[in-house]
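Structure first, commentary second.
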Amino acid sequence: MTTMTEQTPRTAQGHPRRWLILGVICLSQLVVILDNTILNVAVPTLTRDLGASAADVQWIINSYALVQSGLLLTAGGAADRYGRKKMLLTGLVLFGLGSLAAGIAQSTGQLIAARAGMGVGAALLLTTTLAVALQVFPEPERVRAIGIWAAVNALGFAAGPLAGGVVLAHFWWGALFLVNLPVVVLGVVAAAVLVPESSAPRSARPDLPGALLSTIGMASVVYVVIAGPEHGWTSRPVLVGAVLAAVSAIAFVRWEHRTPHPMLDLGFFRNRTFTGAVTGALLITFGSGGALYLLTQQLQFVLGYEPLEAGLRTAPFALTVVLLNFTGVAARVSRALGIPGSVALGMGLLAAGLVAVAVLGARGSGYGGMLGGLVLMGMGCALANPAMAVAVLNAIPREKAGIGAGIEGTVTEFGNGLGVAVLGAVLNSRFAALIPVSAASLPAALGAAGSEYERQRITDAFASGVETGQLAGAAAVLLGGLFAAALLRRAEKHAVSAASGPSTEAASA
């Protein structure tokens, strides 16, 4: 059997079964993204059935994201060297085994360990799905293919709480994980038949110290971002995590400079296209992830919706992303504007949507006032996300496509967690400034209120905090988008001038 390496020629039309392959990898991707949010509606059930404490629930939910984020770069390097199809199949099997173990878990410890195992498989899937798409699609179709991949991400993120609510209405909590098994079996069979193997076996030997340091560093950073708002930024666990993250990061950078076969070529950051795209990806997930976190609280605590109703009302954001990408509208606009123009317009629309949600949703106009803002946010993400993914991958040699996908996934996960932490901290700071009480949350403050007037004042203060947080996110997205677009535009002009230089000299000779 012949393995398709990077040197194997491909036709200008791409792989003949590329759209079927995209369907396989999007299906695999969907279950991974769903499991980021599907447990949010199951917290009361887990508390009752497993006797889980608040800390247990925190670890049950976060262990998946921690392991997933910490292993993304490592998984990308493994996919490049050992084969993207092999790692895709390995990721599906590990994810399936973890889902089975989670579904039959009898204690919180077992469930936490099973969720961590699912995170290992998810890291392999997140990197290999995007890398495979890059390999099988030709340049003209790549933006649309990555747009569909990004749309599946948005769909999974939005559908997680809804899917969880439907499953829990008919089955016990273990079914939330067991529903993954038919999808995993289908994905394994389809990937084995359809997906071609590709790798870069001669690119570098495994960088095990770099893999270990990056895993420890990323897991520590994500832990700090997640745990900081919950436990306090000066609490001992958070400070220990921050020190470990800093030490690991410094050691990783020093090692990657010294080793002849680095897992992450730090020279990528000298590329303006790469730096601009990474900056944009970080800030767009910072804004959208943080805004959705604030929005769910705004819908429940300020507007009075139940959790499932609140989840349904966030759907226009994801549906707009899905509609624009699956119809090809976003790809056509991106081709017309170019990558820098798409990033600038997309992040400008996202910032405008954040402002609309903040101002119209917090000033008494209810859900109707924020619906337009959600649509604007979806339009912005639909334009900017695929463009930045293409920019990241185009700035990296094709034989390191797995690393490129790992970087893209790592930045996305980190940006989302950072947005939740930072914008949540802005909300809490504003709320505490307006309502200087000892209660640590809005429900606690409302419970301690002595009159309806006091309850209304507390709710208004919380709404003001939400508005301030969303406006802070909008400012970060707009400024970051302009900075990223400027870097991408400069890189594009430099590439054009470099390409036209020799021909100009030849003509003058």
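The values are calculated or read from the model by the stated rules, or taken from the named source; none is laboratory data. Nothing here was measured: the structure is a model prediction, and the numbers come from that model. Here the Cβ is made from the backbone with ideal geometry for all residues, glycine too, and neighbour counts use every protein chain on show. The protein model used for the area step is the full one, side chains on, heavy atoms only, and it has no ligands, DNA or RNA in it. Shrake-Rupley method; radii C 1.70, N 1.55, O 1.52, S 1.80 Å.
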- Query: S107 is checked against (1) open to solvent by 20 Å² or more (accessible area, probe 1.4 Å); (2) small (G, A, S); (3) closer than 23 Å to V390 by Cβ and fails just one. What number does that condition carry?
  - Reply: (3)
- Message: Of everything in the stretch 178-193, what is farther than 10 Å from V31 by Cβ and open to solvent by less than 80 Å² (accessible area, probe 1.4 Å)? Give them in sequence order.
- Response: L178, V188, A190, A191, A192
- Residue list for the stretch 125-167, restricted to those being open to solvent by 20 Å² or more (accessible area, probe 1.4 Å), touching a residue at least 24 places away in the same chain (Cβ under 8 Å) and more than 28 Å from L312 (Cβ to Cβ): E141, V143, R144
- Message: Of the residues L295, L239, only one is part of a helix (DSSP H, G or I) and out of contact with any helix residue (DSSP H, G or I) (no Cβ under 8 Å at 6 or more places or on another chain); which?
- Response: L239
- Item | Any hit, the stretch 393-404, residues being more than 29 Å from T468 (Cα to Cα), at pLDDT below 75 and touching a Lys or Arg at 6+ places or on another chain (Cβ under 7 Å) | yes
- Query: Taking R332 and the conditions (1) open to solvent by 30 Å² or more (accessible area, probe 1.4 Å); (2) of a type outside the set (A, V, I, L, M); (3) closer than 16 Å to G280 by Cβ, which numbered condition does it fall short on, given that it satisfies the others?
  - Reply: (3)
- Please go through the stretch 249-260 and pick out each residue that is of a type outside the set (A, V, I, L, M) and open to solvent by 60 Å² or more (accessible area, probe 1.4 Å). R254, W255, H257, R258, P260
- Would you check if E230 is within 29 Å of V420 (Cβ to Cβ), of a type in the set (D, E) and at pLDDT below 80? yes
- Among the candidates G109, G77, single out the residue that is touching a helix residue (DSSP H, G or I) at 6+ places or on another chain (Cβ under 6 Å) and part of a helix (DSSP H, G or I). G77
- Task: Please give the number of the condition F269 fails out of (1) in contact (Cβ under 8 Å) with a residue 12 or more places away in the chain; (2) in contact with a helix residue (DSSP H, G or I) (Cβ under 7 Å, 6 or more places away or on another chain); (3) under 26 Å from N394 (Cβ atoms).
- Result: (1)
- Just to be sure, is T90 in contact with a Lys or Arg (Cβ under 6 Å, 6 or more places away or on another chain), in a helix (DSSP H, G or I) and not acidic (D, E)? no
- From (1) at pLDDT below 80; (2) in a helix (DSSP H, G or I), pick out the condition that doesn't hold for H261. (2)
- Might you let me know whether the stretch 300-307 holds any residue that is assigned to a helix (DSSP H, G or I) and either open to solvent by less than 20 Å² (accessible area, probe 1.4 Å) or within 18 Å of G372 (Cα to Cα) (or both)? no
- Residues in the stretch 60-78 that are open to solvent by less than 10 Å² (accessible area, probe 1.4 Å), at pLDDT 75 or above and closer than 14 Å to V411 by Cα total 2
- Message: Can you find a residue that is part of a helix (DSSP H, G or I) and among the hydroxyl-bearing types (S, T, Y) anywhere in the stretch 314-324?
- Response: yes
- Query: What pairs come up if the first residue lies in the stretch 284-307 and is touching a residue at least 24 places away in the same chain (Cβ under 8 Å), the second is open to solvent by 40 Å² or more (accessible area, probe 1.4 Å) and not in a helix (DSSP H, G or I), and their beta carbons are under 6 Å apart, counting only those six or more places apart or on different chains?
  - Reply: L299/Y305
- Run A246 past the list (1) within 18 Å of the chain's Cα centre (by Cα); (2) surrounded by fewer than 17 Cβ atoms within 10 Å (Cβ to Cβ) and report the number of the one that doesn't hold. (1)
- Message: Any residue at all in the stretch 219-233 that's open to solvent by 60 Å² or more (accessible area, probe 1.4 Å), out of contact with any helix residue (DSSP H, G or I) (no Cβ under 6 Å at 6 or more places or on another chain), more than 24 Å from S429 (Cα to Cα) and not aliphatic (A, V, I, L, M)?
- Response: no
- Spot the failing condition for A315; the list is (1) in contact (Cβ under 8 Å) with a residue 40 or more places away in the chain; (2) out of contact with any Leu (no Cβ under 9 Å at 6 or more places or on another chain); (3) surrounded by fewer than 20 Cβ atoms within 10 Å (Cβ to Cβ), and only one is missed. (2)
- Item | Near pairs, Cβ below 7 angstrom, 6+ apart or cross-chain, from the stretch 472-484 (open to solvent by 30 Å² or more (accessible area, probe 1.4 Å) and part of a helix (DSSP H, G or I)) to any residue that is at pLDDT below 85 and of a type in the set (S, T, Y) | F483/T279
